[in-house]
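Everything on this sheet refers to the single structure shown next.
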Amino acid sequence: MSKENPNCKEVMQHICESLGEDLNSEKCVAIKHHLDNCSGCQSYFKTVELTIDLYKKYNVQLPEDAHKRLMSFLNLSDCDE
Amino acid sequence: MEEKELVELAKQGDRKALAKLVKDNEQTVYNFAFKICRDREKAENIMQETFLSMVKHINQFDGNSKLSTWLYRIVSNHCLMQARKEKNKYFVSINEDNEDDLYEDKYVADWSRIPHLDVENNELKKILDQSIDKLAPDYRVVFLLRDVEGLSTEETAKATDLSIPAVKSRLHRARAFLRKELNEAFSR
């Protein structure tokens, strides 16, 4: 499955595989129908993506003095170039 | 020099190789420890303990994965041990009885108005910190390893000693919990 831009069938296949269901099973067809028409589910997936994105982008830099303390703690200061 | 060569040299007692491995991975370890405990001082302590474990046990590293994957396992263990020490801290528990609440919104926030590209915004940082802080650490670790650090489900399972179904179940609950927390915060 293309990670960048999966088509609807691939998405459904992925969802149905996770459920252990065949693409044409009653449950899968019902899920597809639901997803096509449910703005709540569409918004849920979009906001989960945004949530992950926010936590991915929130990073901290190791301060230089914390690096020095680490090398000293490990008795490796003499190898720190 | 490649990581594999450095690991081999470090196993033979080469301290310079060991120092290089520490330098190559310290930012990742510190950042990940911070993301779990949301506190710079604790993150530094956990980073130190993690590399001390690495130095002591480098001979046990089998080289079948990247060193960072092995380190994620060690950091996760240290973070969970640290969290267990903080017994008085309250976390929201997610179980089958209250799981449905995670998918129902009392408020509908307009997420498109959030400055989501600007995580330097202190107010947004506070919301992100407070939200994840309520999530039990064993869920937090799974979310961070799989979604934020990008490990595979298998690698996450290995790092946390969980089965693959358990990783999947914790992951979707953690995602739903955090999404709901942010939705509520953005609705205020």
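The values are calculated or read from the model by the stated rules, or taken from the named source; none is laboratory data. Fair warning: this is a prediction, and the values are worked out from it, not measured in the lab. Counting neighbours? That spans all protein chains shown, and the Cβs are built from the backbone with ideal geometry, glycine included.
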For B:V75, are the conditions met, namely being surrounded by fewer than 18 Cβ atoms within 10 Å (Cβ to Cβ) and of a type in the set (A, V, I, L, M)?
no
Which of the residues spanning the stretch B:22-53 are under 13 Å from B:Y72 (Cα atoms) and among the hydrophobic types (A, V, I, L, M, F, W, C)?
B:V29, B:F32, B:A33, B:F34, B:I36, B:I46, B:M47, B:F51
Restricting the stretch B:164-182 to residues that are basic (K, R) and more than 14 Å from the chain's Cα centre (by Cα), which is surrounded by the most Cβ atoms within 10 Å (Cβ to Cβ)?
B:R179
Within the stretch A:18-40, is even one residue in contact with a helix residue (DSSP H, G or I) (Cβ under 6 Å, 6 or more places away or on another chain) and within 12 Å of chain B (Cβ to nearest Cβ)?
no
Residue match in the stretch B:52-67 (condition: under 21 Å from B:D147 (Cβ atoms), more than 10 Å from chain A (Cβ to nearest Cβ) and in a helix (DSSP H, G or I)):
no
Among the residues of the stretch B:122-153, which ones are under 16 Å from B:V29 (Cα atoms) and in a loop (DSSP other than H, G, I, E, B)?
B:E149, B:G150, B:L151
Criterion first (within 14 Å of chain A (Cβ to nearest Cβ), farther than 26 Å from A:D78 by Cβ and modelled with pLDDT of 95 or more) does B:F32 satisfy it?
yes
Counting residues that are within 21 Å of the chain's Cα centre (by Cα) and without any contact (Cβ under 8 Å) to a residue 40 or more places away in the chain, which helices (runs of 4 or more DSSP H) fully inside chain A reach at least 2?
A:8-18, A:39-57
Would it be correct to say that A:Y55 is among the hydroxyl-bearing types (S, T, Y) and touching an Asp or Glu at 6+ places or on another chain (Cβ under 8 Å)?
yes
What's the number of the condition B:R84 fails, among (1) modelled with pLDDT of 90 or more; (2) part of a helix (DSSP H, G or I); (3) closer than 23 Å to B:R38 by Cα?
(1)
Residue check for B:E41: without any contact (Cβ under 8 Å) to a residue 60 or more places away in the chain, in the same structural domain as B:T153 (by TED's automatic domain parsing) and within 29 Å of B:A185 (Cβ to Cβ)
no
Within the stretch A:15-42, take every residue that is surrounded by 14 or more Cβ atoms within 10 Å (Cβ to Cβ) and not β-branched (V, I, T) and give me the one that is farthest from B:R179 (Cα to Cα).
A:E21
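Okay, residues lined up against (1) farther than 26 Å from B:Y139 by Cα; (2) of a type in the set (D, E); (3) in contact with a strand residue (DSSP E or B) (Cβ under 6 Å, 6 or more places away or on another chain); (4) assigned to a helix (DSSP H, G or I):
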{"site": "B:E8", "(1), (2), (3), (4)": "yes, yes, no, yes"}
{"site": "B:L18", "(1), (2), (3), (4)": "yes, no, no, yes"}
{"site": "B:V22", "(1), (2), (3), (4)": "yes, no, no, yes"}
{"site": "B:V29", "(1), (2), (3), (4)": "no, no, no, yes"}
{"site": "B:K42", "(1), (2), (3), (4)": "no, no, no, yes"}
{"site": "B:N45", "(1), (2), (3), (4)": "no, no, no, yes"}
For the stretch B:101-129: of the residues being modelled with pLDDT under 75 and touching a Ser or Thr at 6+ places or on another chain (Cβ under 7 Å), which is surrounded by the fewest Cβ atoms within 10 Å (Cβ to Cβ)?
B:Y107
